[in-house]
Amino acid sequence: MRCNVLSARWLLDTAQAARVLVLDLDVHQGNGTAALLADEPHVLTVSVHAEHNYPFRKARSRLDVPLPDGTGDAAYLAALAQQVAPVVTAFAPDFAFYLAGADVLAGDQLGRLALNLAGVRARDRRAFRWAARTRTPLVTVLAGGDHRDPATLIQARLNTIDEALAALTATR
(Lines give C-alpha, C1' and ligand atoms only; values in the text may rest on other atoms or scores of the structure.)
Protein backbone atom coordinates (compact mmCIF):
# COMPACT_ATOMS: atom_id res chain seq x y z
CA MET A 1 0.00 0.00 0.00
CA ARG A 2 1.67 3.14 -1.21
CA CYS A 3 -0.33 5.32 1.19
CA ASN A 4 1.36 3.57 4.14
CA VAL A 5 4.77 4.12 2.60
CA LEU A 6 4.15 7.79 1.84
CA SER A 7 2.62 8.38 5.25
CA ALA A 8 5.45 6.61 7.07
CA ARG A 9 7.99 8.61 5.09
CA TRP A 10 6.19 11.86 5.94
CA LEU A 11 5.99 10.99 9.65
CA LEU A 12 9.74 10.35 9.73
CA ASP A 13 10.74 13.29 7.54
CA THR A 14 8.71 15.78 9.61
CA ALA A 15 9.83 14.26 12.93
CA GLN A 16 6.25 13.38 13.83
CA ALA A 17 7.49 9.86 14.59
CA ALA A 18 10.88 8.27 15.14
CA ARG A 19 9.83 4.62 14.62
CA VAL A 20 6.90 3.46 12.50
CA LEU A 21 5.31 0.02 12.35
CA VAL A 22 3.50 -1.31 9.28
CA LEU A 23 1.62 -4.40 10.46
CA ASP A 24 0.27 -6.14 7.38
CA LEU A 25 -2.18 -8.90 8.29
CA ASP A 26 -3.61 -9.35 4.83
CA VAL A 27 -3.44 -12.88 3.36
CA HIS A 28 -0.95 -11.66 0.71
CA GLN A 29 2.59 -10.70 1.58
CA GLY A 30 3.09 -6.94 1.80
CA ASN A 31 5.65 -6.97 -0.99
CA GLY A 32 5.17 -3.37 -2.15
CA THR A 33 5.54 -1.92 1.32
CA ALA A 34 8.49 -4.20 2.05
CA ALA A 35 10.30 -3.27 -1.16
CA LEU A 36 9.71 0.47 -0.86
CA LEU A 37 10.81 0.58 2.80
CA ALA A 38 13.59 -2.01 2.63
CA ASP A 39 16.33 0.51 3.34
CA GLU A 40 14.47 2.43 6.04
CA PRO A 41 15.72 1.32 9.48
CA HIS A 42 13.12 3.43 11.28
CA VAL A 43 10.20 1.45 9.84
CA LEU A 44 9.38 -2.07 10.94
CA THR A 45 7.52 -3.87 8.16
CA VAL A 46 5.72 -7.00 9.37
CA SER A 47 3.78 -9.32 7.09
CA VAL A 48 1.84 -12.38 8.25
CA HIS A 49 0.59 -14.08 5.12
CA ALA A 50 -0.20 -17.31 3.29
CA GLU A 51 3.13 -18.75 2.20
CA HIS A 52 1.97 -20.09 -1.16
CA ASN A 53 -0.25 -17.20 -2.19
CA TYR A 54 0.38 -14.26 -4.49
CA PRO A 55 2.88 -12.69 -4.82
CA PHE A 56 4.85 -15.78 -5.69
CA ARG A 57 8.15 -13.90 -5.55
CA LYS A 58 8.17 -12.26 -2.15
CA ALA A 59 9.97 -9.07 -1.19
CA ARG A 60 11.72 -9.14 2.17
CA SER A 61 9.88 -7.48 5.06
CA ARG A 62 11.79 -6.84 8.25
CA LEU A 63 9.64 -9.67 9.65
CA ASP A 64 7.85 -12.14 7.39
CA VAL A 65 5.69 -14.85 8.90
CA PRO A 66 4.65 -17.19 6.06
CA LEU A 67 1.88 -19.57 7.09
CA PRO A 68 0.89 -22.86 5.43
CA ASP A 69 -2.36 -23.18 3.51
CA GLY A 70 -5.32 -23.88 5.76
CA THR A 71 -3.87 -22.21 8.85
CA GLY A 72 -6.72 -21.63 11.29
CA ASP A 73 -7.37 -19.46 14.31
CA ALA A 74 -5.17 -21.15 16.90
CA ALA A 75 -2.00 -21.35 14.79
CA TYR A 76 -2.51 -17.84 13.39
CA LEU A 77 -3.00 -16.26 16.81
CA ALA A 78 -0.03 -18.24 18.17
CA ALA A 79 2.16 -16.84 15.37
CA LEU A 80 1.10 -13.33 16.32
CA ALA A 81 1.85 -13.92 19.98
CA GLN A 82 5.11 -15.83 19.56
CA GLN A 83 6.70 -14.25 16.49
CA VAL A 84 5.18 -10.81 15.95
CA ALA A 85 4.51 -9.43 19.43
CA PRO A 86 8.10 -9.76 20.74
CA VAL A 87 9.57 -8.03 17.67
CA VAL A 88 7.01 -5.20 17.78
CA THR A 89 7.55 -4.74 21.52
CA ALA A 90 11.33 -4.56 21.08
CA PHE A 91 11.00 -2.06 18.22
CA ALA A 92 8.68 0.18 20.31
CA PRO A 93 7.07 2.13 17.47
CA ASP A 94 5.56 5.51 18.14
CA PHE A 95 3.15 5.26 15.21
CA ALA A 96 1.55 2.24 13.51
CA PHE A 97 -0.33 1.30 10.37
CA TYR A 98 -2.48 -1.82 10.60
CA LEU A 99 -3.72 -3.56 7.43
CA ALA A 100 -6.67 -5.60 8.67
CA GLY A 101 -7.21 -8.07 5.85
CA ALA A 102 -10.49 -9.97 5.83
CA ASP A 103 -9.07 -12.29 3.16
CA VAL A 104 -7.63 -14.51 5.91
CA LEU A 105 -11.15 -15.91 6.40
CA ALA A 106 -11.93 -19.47 5.37
CA GLY A 107 -13.95 -19.24 2.15
CA ASP A 108 -12.18 -16.20 0.73
CA GLN A 109 -11.83 -16.68 -3.02
CA LEU A 110 -8.25 -15.35 -3.14
CA GLY A 111 -7.06 -16.44 0.28
CA ARG A 112 -5.52 -19.67 1.45
CA LEU A 113 -5.92 -19.36 5.20
CA ALA A 114 -8.85 -20.61 7.25
CA LEU A 115 -9.66 -18.25 10.08
CA ASN A 116 -13.25 -17.92 11.21
CA LEU A 117 -14.97 -14.71 12.28
CA ALA A 118 -14.00 -15.25 15.92
CA GLY A 119 -10.34 -15.68 14.96
CA VAL A 120 -10.27 -12.52 12.84
CA ARG A 121 -12.00 -10.63 15.64
CA ALA A 122 -9.42 -11.91 18.16
CA ARG A 123 -6.62 -10.80 15.80
CA ASP A 124 -8.12 -7.32 15.56
CA ARG A 125 -8.68 -7.14 19.31
CA ARG A 126 -5.00 -7.88 19.92
CA ALA A 127 -3.85 -5.17 17.50
CA PHE A 128 -6.17 -2.49 18.87
CA ARG A 129 -5.59 -3.34 22.51
CA TRP A 130 -1.83 -3.29 21.98
CA ALA A 131 -2.09 0.19 20.45
CA ALA A 132 -4.34 1.40 23.26
CA ARG A 133 -2.16 -0.13 25.98
CA THR A 134 1.05 1.35 24.57
CA ARG A 135 -0.67 4.60 23.53
CA THR A 136 0.60 4.11 19.98
CA PRO A 137 -1.39 6.08 17.39
CA LEU A 138 -2.78 3.58 14.90
CA VAL A 139 -4.21 3.99 11.41
CA THR A 140 -6.24 1.01 10.25
CA VAL A 141 -6.89 0.04 6.64
CA LEU A 142 -9.64 -2.49 5.92
CA ALA A 143 -7.58 -4.55 3.50
CA GLY A 144 -8.34 -7.59 1.32
CA GLY A 145 -11.60 -9.47 1.21
CA ASP A 146 -13.19 -11.53 -1.55
CA HIS A 147 -15.35 -13.85 0.51
CA ARG A 148 -17.94 -15.96 -1.27
CA ASP A 149 -20.53 -14.88 1.31
CA PRO A 150 -20.93 -11.09 1.41
CA ALA A 151 -22.60 -11.27 4.84
CA THR A 152 -19.51 -12.94 6.31
CA LEU A 153 -17.23 -10.29 4.81
CA ILE A 154 -19.44 -7.49 6.10
CA GLN A 155 -19.53 -9.07 9.56
CA ALA A 156 -15.73 -9.29 9.61
CA ARG A 157 -15.51 -5.58 8.76
CA LEU A 158 -18.06 -4.66 11.42
CA ASN A 159 -16.16 -6.73 13.98
CA THR A 160 -12.95 -4.85 13.12
CA ILE A 161 -14.69 -1.55 13.73
CA ASP A 162 -16.29 -2.85 16.96
CA GLU A 163 -12.89 -3.93 18.28
CA ALA A 164 -11.34 -0.56 17.41
CA LEU A 165 -14.13 1.25 19.25
CA ALA A 166 -13.89 -1.08 22.24
CA ALA A 167 -10.15 -0.46 22.57
CA LEU A 168 -10.64 3.28 22.21
CA THR A 169 -13.37 3.50 24.83
CA ALA A 170 -11.42 1.28 27.24
CA THR A 171 -8.59 3.84 27.29
CA ARG A 172 -10.81 6.79 28.17
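The values are calculated or read from the model by the stated rules, or taken from the named source; none is laboratory data. What you see is a predicted model, and the numbers here were worked out from it, not measured in a lab. Don't worry about glycine lacking a Cβ; one is built from the backbone with ideal geometry, like all the others, and counts go over all protein chains shown. Accessible surface areas use protein heavy atoms only, side chains included; no ligands, DNA or RNA. Shrake-Rupley method; radii C 1.70, N 1.55, O 1.52, S 1.80 Å.
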Where the Cα atoms of segment 74-143 are projected onto their three principal axes, how long is each span, largest first, in whole Å? 35, 24, 17
Is the shape of segment 66-113 best called rounded, prolate or oblate, per the rule: a/c under 1.5 gives rounded, else a/b larger than b/c gives prolate, else oblate, with a ≥ b ≥ c the square roots of the Cα gyration tensor eigenvalues? oblate
Determine the share of the chain's accessible area contributed by carbon and sulfur atoms, expressed in whole percent, with a 1.4 angstrom probe. 57 percent
Can you put THR134, THR89 in order of accessible area, largest first, using a 1.4 Å probe? THR89, THR134
Taking the highest mean first, how do the peptides 20-28, 72-80, 38-46 order by number of other beta carbon atoms within 10 angstrom per residue? 20-28, 38-46, 72-80
Gyration tensor over alpha-carbon atoms, the chain, equivalent ellipsoid semi-axes in Å: 24, 19, 14
For segment 13-62, what is the Kirkwood hydrodynamic radius in Å, using each pair of distinct C-alpha atoms? 11.4 Å
Rounded to whole Hz and in sequence order, give me ³J(HN,Hα) for segment 137-148 from the Karplus expression 6.51 cos²θ - 1.76 cosθ + 1.60, θ = phi - 60°, writing x for Gly and Pro. x, 9, 9, 10, 10, 7, 8, x, x, 9, 5, 5
Counting heavy atoms of the protein chains only and a 1.4 Å probe, report the per residue accessible area for segment 1-136 as a whole number of Å². 47 Å²
